[in-house]
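I have placed the structure first, in the form of structure tokens, so that the comments after it can refer back to it.
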Amino acid sequence: MEDIRKIRIGHLYPDLLNLYGDRGNIACMMQRCKWRGIEAETVEYNLGDRIDFAQLDIVLLGGGSDREQRIVCQKLQEIREDFKAYVEDYGVVIAVCGGYQLLGKYYKTEEGTIQGLDLVDLYTEQGEGRLISNIVLQSELTAMPVVGFENHGGRTYINGNQPFGKVLYGAGNDGESGYEGVVYKNMIGTYLHGPLLPKNPQVCDWLIAKALERKYGTSQLLPLDDSQEIEANTYVYERFTGR
């Protein structure tokens, strides 16, 4: 009998960082694992909880307001070295919107500067007006376009790191560079929500595959019937790019 593969997902501070329906990303990962016979478990960590990254295969860091980001980042500074060690050891991370901004050196706002975790060489500064739009990307991680919605006042500069994707429609990291998000080892930072993973099953599978490869040495995933997801993805792509 084949051994059952298991994945543990850590959802960090959902009581504060769940501004854009990040639990939808959790639900998507859990369901796509279940359909493949992979045992998936989600552990939620709130502010007073101890986080043991050695027990986690995927970490989700969601979005929140500037105030909530400040509270969370103060807490995360206490475990920054453990978090950084996890990332450098190719631990899988998906960080969305406010969570993405926390990955870098700092986020400069009108109310002051939020110190980041410095997990990757990037920084964010508040700009004039918000970048609000549907968004379509071409990403090296997926064969399908990546689609979502962005709503952020921060402009993120990734300093030559690999972007998550090239912007085909929308603003992206800063409204000027033509790129969105960042990929560092097995970590994705992005402004895309909606939530992200149900709209982009190939991104979800990339995260799952990387977690399995790190844990078991193999990333093989059984194919799923994504015909409905592909149809929805194609509609968004064609509507906003005109292609």
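The values are calculated or read from the model by the stated rules, or taken from the named source; none is laboratory data. Given the structure is predicted, the values throughout are model-derived calculations rather than measurements. Cβ coordinates were reconstructed from backbone atoms using ideal geometry, including for glycine residues, and neighbour counts include every protein chain displayed. The area values use the complete protein model at the heavy-atom level, side chains included, leaving out ligands, DNA and RNA. Shrake-Rupley method; radii C 1.70, N 1.55, O 1.52, S 1.80 Å.
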If I go through segment 5-60 residue by residue, how many of them are of a type in the set (A, V, I, L, M, F, W, C), loosely packed, with under 15 Cβ neighbours inside 10 Å and part of a strand (DSSP E or B)?
1
I'm told E111 meets every condition in (1) open to solvent by less than 60 Å² (accessible area, probe 1.4 Å); (2) of a type in the set (D, E, K, R); (3) in contact with a helix residue (DSSP H, G or I) (Cβ under 8 Å, 6 or more places away or on another chain) except one. Can you identify the failing condition by its number?
(1)
Of the residues R5, R23, R32, R50, only one is basic (K, R) and touching a His at 6+ places or on another chain (Cβ under 9 Å); which?
R23
Need pairs with beta-carbon distance below 6 Å; first residue within 14 Å of Q31 (Cβ to Cβ) and within segment 211-231, second surrounded by 13 or more Cβ atoms within 10 Å (Cβ to Cβ) and among the small types (G, A, S); sequence gap 6+ or separate chains.
L221/A209
Please list, ordered by first then second residue, the pairs with beta carbon atoms under 7 Å, 6 or more apart or interchain, first in segment 89-113 and closer than 24 Å to L196 by Cβ, second in a helix (DSSP H, G or I) and small (G, A, S).
V92/A211
Return yes or no: is L119 in a loop (DSSP other than H, G, I, E, B) and within 27 Å of E78 (Cβ to Cβ)?
yes
Just to confirm my filter: which strands (runs of 3 or more DSSP E) fall fully inside segment 140-243 and include at least 2 residues that are modelled with pLDDT under 95?
146-157
Could you please let me know if I71 is in contact (Cβ under 8 Å) with a residue 40 or more places away in the chain, surrounded by 14 or more Cβ atoms within 10 Å (Cβ to Cβ), in contact with a strand residue (DSSP E or B) (Cβ under 7 Å, 6 or more places away or on another chain) and farther than 15 Å from H193 by Cβ?
no
